[in-house]
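Q: I'd like to ask some things about the structure below.
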Amino acid sequence: MEIFRIQAAPDEIARIIASGPPQVMAIGDFDGVHAGHRKVLLTAVENAETHELAPAVMTFHPHPREVLGHPQYRDSLTPIEDKLRLFEALGLKRVYLVGFDESFAQLSPEQFVEDILVSGKLASVVVGFDFTFGHRGAGSPQRLKELAQGRFGVEVVSPYHLNGEKVSSTLIRESLANGQVEKAARLLERPYSITGKVVAGEGRGSTIGIPTANVETTEGYVIPGRGVYAVRFLHDGQWHFGVMNIGWKPTFAKKEGAISLETHLFDFNKKIYGDEVSIRFIGFIRHERKFGSAEELVAQIGKDIVSAKEMLS
Ligand SMILES: Cc1cc2nc3c(=O)[nH]c(=O)nc-3n(C[C@H](O)[C@H](O)[C@H](O)COP(=O)(O)O)c2cc1C
Ligand SMILES: Nc1ncnc2c1ncn2[C@@H]1O[C@H](COP(=O)(O)OP(=O)(O)O)[C@@H](O)[C@H]1O
């Protein structure tokens, strides 16, 4: 898969698209690369295969909402490296990472089509039913068809529903906030996962007999809601099972503070400070709460471990 990181000048984007073979290109943000996004991306891959063209995708990085100041969306379900890995797994061969900025945001829908898409190498583009483009998102899929004037095909993919709900990044964010990681996994068609580095905590874990690897995420990930989860934990190429707490440890902290992500790994006793790890959320066990003593907390964690092992087996 070839990755083209492009600053926003439209002629530069058009030139890079035109430097490749004839293509079918999906366009979108694809935050989460969820079941609905997969349908759009796989449509591009399949159309390309049928006509012996190259499957491509154009996405925006940094995320438009980040640039245009919607702070609630600063964090993502799939920071760029994760997104790229998922694109590759779906069979995409060319990725245009367009650096979205204030001037790019000014492009009209007409300019977006004339200056970028009519590059001579796009056989067709594939977008989702709610795709918007151009200044203030004024362009719709219908408008895209009109503006294309037959110079490239436009395929619009209808919404994907699961159990009567429309799959969306927002629905996944809400599910995660409520601890519903099983639901998020169904919407994503894979467990929600985060990557980060093991950092030192307060050193209390080992003293209460439950060492925990505290993880600081490397990029702006959406973090699931406070609670205890069954997780798979990738360290040094090996998957381990564990039980994770997300929260501010009300049993010990005097007041609400920074959220920590700590995982107790089963059958493990290595020091792994500083190492990069990935965590997959498999099941929700319970909410975080304040216990009367460390002993009560430890007894509960013993039960959490039993629950986690059941979920993970
Ligand atoms: C499975 C698990 C569940 C936990 N549940 C709670 C909880 O409900 N309430 C709480 O105050 N702390 C909870 N904790 C956090 C512990 O208080 C924390 O791991 C311990 O204080 C060690 O902190 P340290 O790593 O900063 O040294 C939990 C930890 C684990 C591993
Ligand atoms: N079973 C285990 N699960 C998680 N971390 C472990 C385990 N065994 C050893 N460790 C190591 O010990 C550290 C946790 O020790 P702990 O006393 O909880 O201190 P901290 O406050 O730094 O989390 C982890 O960061 C990791 O390097």
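Q: Once you have the Cα-Cα distance between Ala9 and Lys271, take 0.36 nm times their residue separation minus that, and quote the gain in nm to one decimal.
A: 89.6 nm
Q: Please list the helices of the chain that count as membrane-span-like by this rule: a mean Kyte-Doolittle hydropathy of at least -1.0 together with Cα atoms stretching 20 Å or more along the helix axis, each helix being a complete DSSP H run.
A: Taking the DSSP H segments of the chain (at least 20 Å long, mean hydropathy at least -1.0), we get 35-50, 294-312.
Q: Okay, next question. Would you mind working out the accessible area per residue for region 1-45, using a 1.4 Å probe, and quoting it in Å²?
A: On a per-residue basis, region 1-45 sits at 36 Å².
Q: With springs only between Cα atoms under 10 Å apart, run a GNM on the chain and tell me which of Thr212, Thr170, Thr78 wobbles the most.
A: Maximum among the listed residues: Thr170.
Q: With the full set of protein chains in place, find how many percent of the accessible area of the chain is carbon and sulfur; take the probe as 1.4 Å.
A: 49 percent
Q: Among the GluC sites (Glu not before Pro) in region 16-55, which ones are in a DSSP loop with at most 14 other Cβ atoms within 10 Å of the Cβ? Mind listing them?
A: Counting only loop positions with at most 14 other Cβ atoms within 10 Å, the GluC sites (Glu not before Pro) in region 16-55 are Glu52.
Q: Mind giving me the FRET efficiency for Arg74 and Glu310? R0 is 35 Å, r the Cβ-Cβ distance, nearest 0.05 is fine.
A: Computed FRET efficiency for Arg74 and Glu310 comes out at 0.45.
Q: Any aspartates and glutamates with Cα under 20 Å of the Lys271 Cα? List them, leaving off those in the same chain fewer than 8 positions away.
A: Glu202, Glu216, Asp236, Glu262
Q: Additional query: Take the Cα atoms of region 146-206, find their three principal axes, and give me the spread along each one in whole Å, biggest first.
A: Here the spans come out as 66, 29, 16 Å, largest first.
Q: Another question, then. Report the trypsin sites (Lys or Arg not before Pro) located in region 131-178 that are in a DSSP loop and have at most 11 other Cβ atoms inside 10 Å of their Cβ, or state none.
A: When the trypsin sites (Lys or Arg not before Pro) of region 131-178 are filtered for loop state and at most 11 Cβ neighbours within 10 Å, nothing remains.
Q: Okay, next question. So how much slack lies between Asp101 and Asp115, counting 0.36 nm per residue of separation and subtracting their Cα-Cα distance, in nm?
A: 3.4 nm
Q: Here's another thing I want to ask about it. Restricting attention to region 247-306, which GluC sites (Glu not before Pro) occupy a DSSP loop and are surrounded by at most 15 other Cβ atoms within 10 Å?
A: Glu256
Q: Farthest toward the dipole's positive end in region 2-159, which of Gln23, Val156, Ser119, given Cβ charges of +1 (Lys, Arg) and -1 (Asp, Glu) about the Cα centre?
A: Val156
Q: Here's another thing I want to ask about it. Restricting to region 2-159, what percent of DSSP beta bridges are antiparallel, rounded to 5?
A: DSSP beta bridges in region 2-159 are roughly 5 percent antiparallel.
Q: Pairs Lys83/Lys183; Lys39/Lys93; Lys197/Lys254; Lys39/Lys121; Lys166/Lys249: which are spaced more than 28 Å apart, C-alpha to C-alpha?
A: Long pairs (Cα-Cα over 28 Å): Lys166/Lys249.
Q: Along the positive direction of the dipole of the chain (beta-carbon charges: Lys, Arg +1; Asp, Glu -1; about the Cα centre), which of Tyr96, Gln142, Ala213 reaches farthest?
A: Result: Ala213, furthest along the dipole toward the positive end.
Q: Would you work out the Kirkwood radius for region 160-313? I mean one over the mean of 1/r across all pairs of different Cα atoms, in Å.
A: Kirkwood hydrodynamic radius for region 160-313: 16.0 Å.
Q: Ok, one more. Let me check against my output: what whole-number percent is the relative contact order of the chain, with C-alpha pairs under 8 Å and at least 6 apart?
A: Relative contact order here is 16 percent.
The values are calculated or read from the model by the stated rules, or taken from the named source; none is laboratory data. Quantities reported herein were computed from a predicted structural model and do not represent experimental measurements. All Cβ positions, even for glycine, are placed from backbone atoms using ideal geometry, and neighbour counts span all protein chains on display. Just the protein is used for accessible areas: all its heavy atoms, side chains included, with ligands, DNA and RNA removed. Shrake-Rupley method; radii C 1.70, N 1.55, O 1.52, S 1.80 Å.
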